[in-house]
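Presented below is the structure to which this report refers.
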Amino acid sequence: MKPKTEKPRTRAIKRQEPAAAERPAEGAVSRTLFIQATQALGAVLAFDYPADAVLSRHFRDNRELGHRDRGFIAEAVYGVLRRLRWLRRIAGAEATPRMLLLAWFARGEGWPMRNFEGLASATERDWITSIKAAETGEPSLAERADLPDWLAERLLAQMSENELIALAHGLNRPAPLDLRANLIKTDRDALLERLQADGVRAEPGRLSPQAIRLAGKPALQKHPLFLDGSFEVQDEGSQLLGLLVQPRRGELVVDFCAGAGGKTLQLGAMMRTTGRLYAFDVSEKRLAKLKPRMARAGLSNVHPVLIAHEADAKVKRLAGKADRVLVDAPCTGLGTLRRNPDLKWRQSPAAVEEMVAKQGAILAAAARVVRPGGRLVYATCSLLAEENDSIVDAFLAAHPEFRALSAQEVLAAQGVALETGERLRLLPHVHDTDGFFAAVMERAKGA
């Protein structure tokens, strides 16, 4: 049900060194590599597909690119995506992908003019010199925030201008890399000690007792601890959603929109691979990705179930039986802009309306699965009130058999001291996580 995006995983290939005549000045890049970055950016800016999928395809089609070259291209593309509104103000609304890249390196990265020698023509270098010194006048709030007008307006209805700018700056920073210790195979402290012994720079997460935060983004896909299932990559904020569900040994738990199963794996581990954990999703492809991850994690209590929609007969068979149900609802994903900056340009007011209709229907269907006395958690990775509070408020008004629980108290009972109030709200610039919303509800025992 929920669209999942995964960073492209490409195998490391020995980097091909440029010929002597083509080698860039120190700190610059080759003309060939710049052309590759321009081509990749142009494909991404069509906004037909998610940026990570487009880059993955570009790297598959250009296997001669080494690890560093791929890193340069990805960082350049994501840099432009994050600051696209600002760059178009500087370079012009009709700026080509090449012009946007030149503007990004000139103003965003602060390249000196010598780095453009051999990379840009004399005419382009004159243009670069002019934009380096250009004063663009007073930008609008949306331009300062690097957001489309409609999104800035909706967020401004929820917060002050200063708060919006602080949020925007947080969203424009690259996300850190977090790991979750697999509680079946290890604990956080033991995992941290083993990683550090292997030279991986890491520290305990500040919020989740299962989280480890890495310094930088080392390639760990072939690390023995990953291969044996001791950890998974999972944002620390996402891990708190599992703590809100708080599954226990032997229970019947449903992950209603499981996707590729990151939270499913966490729930299964917290249940110590006992009980039954159903992973529902409408995408056979996403559920297929879950199965090898289950095996690596050592989980035997997870049951992936393909459903056609939220009212599928497979869902109805569990009516009133589940102890815990997590609805990690499909959403606009606007809380993940640190990782997916293209979303702010690909989403629209129409997309929000479509999501809101789905979210209400999915939450109502999931609620029917919850047993009397059971728990229901609704969550999104969106920043918009329409997808968050409005959905929960409407649900509670229509379902008096459910009452709200305090997310802060649920977390505190598990040793997480976080002032969040009744509903969980995580923001990048405040908590250094992706943006998450969650509400915890309980069905009355007599219902």
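The values are calculated or read from the model by the stated rules, or taken from the named source; none is laboratory data. Note that the structure is a prediction, hence the values are computed from the model and not measured. Please note: Cβ atoms are built from the backbone with ideal geometry, for glycine as well, and neighbour counts cover all protein chains shown. The protein model used for the area step is the full one, side chains on, heavy atoms only, and it has no ligands, DNA or RNA in it. Shrake-Rupley method; radii C 1.70, N 1.55, O 1.52, S 1.80 Å.
What the table below lists for this structure:
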| quantity | calculated |
| --- | --- |
| For region 386-447: rounded, prolate or oblate by the Cα gyration tensor [a/c cutoff 1.5] | oblate |
| Spacing of the two label points (7 Å from each Cα toward its C-beta) at Glu409 and Thr96, in nm | 6.3 nm |
| In nm, spacing of pseudo-spin labels at Val233 and Phe47 (7 Å Cα→C-beta vector) | 2.6 nm |
| Most positive-pole-ward Cα, Trp111, Leu207, Leu326, against dipole of the chain from beta carbon charges | Leu326 |
| Rounded to the nearest 20 debye, dipole of the chain from Cβ charges on Lys, Arg, Asp, Glu | 1700 debye |
| Of all accessible heavy-atom area on the chain, the percent that carbon and sulfur account for (1.4 Å) | 50 percent |
| Zone of Arg206's modelled label, taken as backbone nitrogen in region 150-167 under 15 Å from a point 7 Å along Cα→Cβ | 167 |
| Three-way shape label, region 304-345, alpha-carbon gyration tensor, a/c 1.5 | prolate |
| Calculated P(r) tail over 28 Å for the chain, as whole % of Cα pairs | 54 percent |
| C-alpha long axis of helix 349-367 to longest principal axis of the chain, angle in ° | 20 degrees |
| FRET efficiency, Thr32 to Ala215 (Cβ-Cβ, R0 30 Å, nearest 0.05) | 0.45 |
| Folded to 0 to 90 degrees: helix 389-398 orientation relative to the chain principal axis, Cα | 20 degrees |
| Label-point gap, in nm, between Glu354 and Glu109 - each point 7 angstrom along Cα→Cβ | 3.5 nm |
| Thr123/Glu64 FRET efficiency (R0 25 Å; Cβ-Cβ; nearest 0.05) | 0.25 |
| Stretchable slack from Trp150 to Glu401, in nm (0.36 nm times residue separation minus alpha-carbon distance) | 86.7 nm |
| Point-charge dipole on Cβ atoms (K/R +1, D/E -1) for region 124-205, about Cα centre, debye to 20 | 440 debye |
| Cα-Cα over 28 Å, subset of Lys263/Lys344; Lys291/Lys344; Lys314/Lys344; Lys185/Lys358; Lys222/Lys344; Lys222/Lys314 | Lys291/Lys344; Lys314/Lys344; Lys185/Lys358; Lys222/Lys344; Lys222/Lys314 |
| Cα centroid of region 378-447 to Cα centroid of region 196-227, whole Å | 28 Å |
| Charge tally in the Cβ shell below 10 Å around Leu277, where Lys, Arg are +1 and Asp, Glu are -1, Leu277 excluded | 0 |
| 222 nm mean residue ellipticity, helices alone, for the chain (DSSP H n ≥ 4; -39,500 (n - 2.57); rounded to 500) | -12000 deg cm²/dmol |
| FRET E, pair Lys222, Lys316, Förster distance 35 Å, beta-carbon r, rounded to 0.05 | 0.20 |
| Three-way shape label, region 27-179, alpha-carbon gyration tensor, a/c 1.5 | oblate |
| Residues in region 145-163 reached by a label modelled at Ala385 [backbone nitrogen below 17 Å; 7 Å Cα→Cβ] | 150-163 |
| Solvent-accessible surface ranking, highest first, for Lys285, Lys222, Lys132, Lys321 at 1.4 angstrom | Lys222, Lys285, Lys321, Lys132 |
| Angle in degrees between helix 161-171 and the longest Cα principal axis of the chain, rounded to the nearest 10 | 80 degrees |
| Local electrostatic count, Ala93, Cβ distance below 14 Å [Lys/Arg +1, Asp/Glu -1] | 0 |
| Charge dipole (the chain, unit charges on Cβ, about Cα centre) - positive-most of Ala181, Leu141, Ala394 | Ala181 |
